[in-house]
Each structure stands twice: as C-alpha cells, then as structure tokens.
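Remarks on the structure that follows.
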Amino acid sequence: MKKYEKQIQALHKHLGIPADYQQRFGPPQYKEALELVEIGKNISGSPCQLTPHAYNHWQAMEKAAELDSITLQVVSAFRSLERQAEIIKYKLSNGQLIEDILKVSAAPGYSEHHTGNALDITTPGYQPLEEVFENSDAFHWLQKNADRFMFFLSYPRNNKYNIAYEPWHWKYCSGTKQGE
C-alpha cells in the first residue's frame with residue numbers, strides 16, 4: 001500500500017470516518033498537489049495557494065469579474081490532508097457527529113482542495129460558505145462566465161456524491177469540461 005493511502009487510512013481511523021467511506025459517499029480520492037504558488041491572502045488574511053495553471057486561470061477570471069464590477073474573494077484554496085483533518089477535528093470537538101460532518105466536508109484524501117485546483121469564493125456583503133451566496137451578483141456572474149476560465153461548480157444541488165450544495169466551491173479543470 002502506498003504511503004499516501006496509509007496516511008489517509010490512519011487519519012480516517014483517528015477521526016472515526018467509516019472504512020467504507022468511498023463506497024458510501026462515492027467521491028474519488030485526490031492526491032495533494034506537488035507544485036503550488038502563492039495567490040495572495042484569503043478574506044481572513046491567511047496565505048493561499050493554487051497550482052500554477054489554476055492560479056493563472058483564477059487571476060484572469062478575477063480580473064474579468066472586476067471589469068464587470070464583480071468582486072470575487074478567496075475563502076480557501078489548497079488544503080493538505082492534515083488541514084482537512086483539522087477541520088473535521090474542530091467540528092467533532094464542537095459536538096457534531098461524523099455522519100453529519102461528512103455531508104458537508106469531504107474526508108481527508110477526498111477533498112478537491114487537495115488538488116490545488118479548488119477555490120471557495122465569496123463576495124463582499126455575503127457570509128462565506130453559506131448557501132445564500134447563490135443570490136449574489138458574483139454567483140450569477142460565475143454561472144455565466146466561470147467555464148470560460150475552466151472553473152466549474154463542483155457540488156450543485158443533488159450532486160452524485162451527495163455532498164451538500166456548495167455554490168461557493170469552484171474547481172479549475174484543465175482540458176475537457178468539468179474534468180471529465
């Protein structure tokens with residue numbers, strides 16, 4: 001077994017994630033990006049990273065949005081296995097059940113953020129990571145324009161992975177539409 005898979009299994013065991021997580025929830029396993037570049041700071045002031053290609057497309061998309069008087073802000077970008085585990089640990093420490101957490105947060109090893117190609121986006125006047133983002137001009141702009149920059153909404157309503165609808169989560173997919 002590969003070192004990465006062993007690391008994922010150990011984190012899952014420690015967090016109480018069911019051994020049949022992938023079979024039950026269905027998301028693919030993602031490897032962590034090896035080449036990352038700094039893209040600036042997120043809305044909390046923490047540095048963020050993306051792969052170079054995702055960054056170039058993000059930068060072009062952000063500038064195009066600005067030209068249309070739309071402000072796109074990064075909430076989060078690349079996340080390591082350990083960071084994904086920290087998020088789940090935090091939720092567990094606040095009394096959430098692992099079954100409920102896995103409906104809104106991917107298990108370590110299964111988050112698109114590991115690829116360095118995924119962004120959580122917000123805009124001024126909207127709480128980050130809230131469904132109400134779908135009512136923003138920024139979301140409507142993304143729906144009409146993001147595919148020109150090879151970014152796609154990963155988790156629409158009733159998605160095949162049964163992950164909660166995330167209008168803020170967009171992934172860069174090089175090549176064909178939505179990485180298919």
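Computed from the coordinates by the stated procedures, all read-outs in this text should not be read as laboratory data. Treat the numbers as computed from the prediction; the structure is a model and nothing was measured. For neighbour counting, all protein chains shown are included, and Cβ atoms are generated from backbone atoms with ideal geometry for every residue, glycine included.
Things worth noting here:
- Only helices enter the 222 nm calculation for the chain: every DSSP H run of n ≥ 4 contributes -39,500 (n - 2.57), and dividing by all residues gives -10000 deg cm²/dmol, rounded to 500.
- Fraction in percent of alpha-carbon pairs per bin - 5 Å, the range 3-179: 1, 8, 17, 21, 21, 16, 9, 4, 1, 0
- Farthest positive-ward along the range 1-105 dipole, Cα basis, beta-carbon charges - from GLY16, LEU67, GLN29: GLY16
- Separation between Cα centres of the range 107-137 and the range 19-40, rounded to whole Å: 15 Å
- Our summary gives the range 3-179 a relative contact order of 23 percent, counting only alpha carbon pairs under 8 angstrom and 6 or more residues apart.
- Cross-link table LYS13/LYS171; LYS2/LYS31; LYS144/LYS171; LYS41/LYS103, entries beyond 21 Å C-alpha to C-alpha: LYS13/LYS171; LYS41/LYS103
- For the range 152-158, the Karplus equation 6.51 cos²θ - 1.76 cosθ + 1.60, evaluated at θ = phi - 60°, returns couplings of 9, 6, 6, 10, x, 4, 6 Hz by residue, with Gly and Pro reported as x.
- Lys/Arg +1, Asp/Glu -1 at C-beta; the range 3-179 dipole; positive extreme among GLY40, ALA118, ILE98: ILE98
- The loop-placed trypsin sites (Lys or Arg not before Pro) in the range 98-171, going by DSSP, that have at most 14 neighbouring Cβ atoms within 10 Å of their Cβ come out as LYS103, ARG157, LYS160.
- Remark: the range 93-155 is approximated by an ellipsoid whose semi-axes, taken from the C-alpha gyration tensor as √(5λ), come to 25, 17, 9 Å, largest first.
- Charge dipole (the range 3-179, unit charges on Cβ, about Cα centre) - positive-most of PHE139, SER174, LEU81: LEU81
- Karplus-derived HN-Hα couplings along the range 113-121 (A = 6.51, B = -1.76, C = 1.60, θ = phi - 60°), whole Hz, x at Gly and Pro: 4, 4, 6, x, 10, 10, 10, 9, 10
- Amide H contacts of GLU166 (H built 1.01 Å from N, in plane; Pro and chain starts excluded): TYR155 sit under 5 Å, all sequence-distant by 5 or more or on other chains.
- Computed over the range 111-180: relative contact order in percent, which uses C-alpha pairs under 8 Å that are six or more apart: 35 percent
- For GLN49, the residues whose amide H sits under 5 Å from its own are ILE39, ALA77, PHE78, ignoring neighbours fewer than 5 places away on the same chain, with H placed 1.01 Å from N.
- When you count the other C-beta atoms within 10 angstrom of each residue and take the mean per peptide, 47-56, 30-39 line up highest first as 47-56, 30-39.
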